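**Student:** This structure is in structure tokens; I'll ask about it shortly.
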């Protein structure tokens, strides 16, 4: 049986960046699995983020589509990060899984 070698860490799309009355859909908040402090989250700054989803209509031979983004900075004291995507993630993705790829590498 082959061992899996995934090049990404799992994460959840929590919400948009927001204040008491307004929200900012340009910036998404992402919780990364296994990250619990801002110091740990700093490793992921600049890393690529992908929201992978399936559609019913096939385009270019695939029903799988991706919205790409990148981690821009940390957010708060619990290891959440801010990410911007090429096109804003829709609100229906709150709670959905995203992939945080381990490149570009700074090590």
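**Student:** Across the stretch 62-103, what is the number of residues that are under 21 Å from residue 7 (Cβ atoms) and free of Cβ contacts under 8 Å to residues at least 12 places away in the same chain?
**Tutor:** Residues meeting the conditions: 1.
**Student:** If you don't mind, there's one more thing I want to ask. Go through the residues of the stretch 54-63 one by one and say whether even a single one is under 17 Å from residue 9 (Cα atoms) and in contact with a strand residue (DSSP E or B) (Cβ under 7 Å, 6 or more places away or on another chain).
**Tutor:** Of all residues in the stretch 54-63, those under 17 Å from residue 9 (Cα atoms) come to none.
For the stretch 54-63, residues under 17 Å from residue 9 (Cα atoms) and in contact with a strand residue (DSSP E or B) (Cβ under 7 Å, 6 or more places away or on another chain): absent.
**Student:** Determine whether residue 59 is farther than 14 Å from residue 80 by Cβ and without any contact (Cβ under 8 Å) to a residue 24 or more places away in the chain. Show your work before the answer.
**Tutor:** Values: farther than 14 Å from residue 80 by Cβ: yes; without any contact (Cβ under 8 Å) to a residue 24 or more places away in the chain: yes.
Yes: the conditions hold for residue 59.
Where a number appears in this text, it was derived from the coordinates with a stated rule and is not lab data. Computed from a prediction, not measured in an experiment: that's the story for all the values here. Cβ atoms come from the backbone with ideal geometry, glycine included; neighbour counts cover every protein chain shown.
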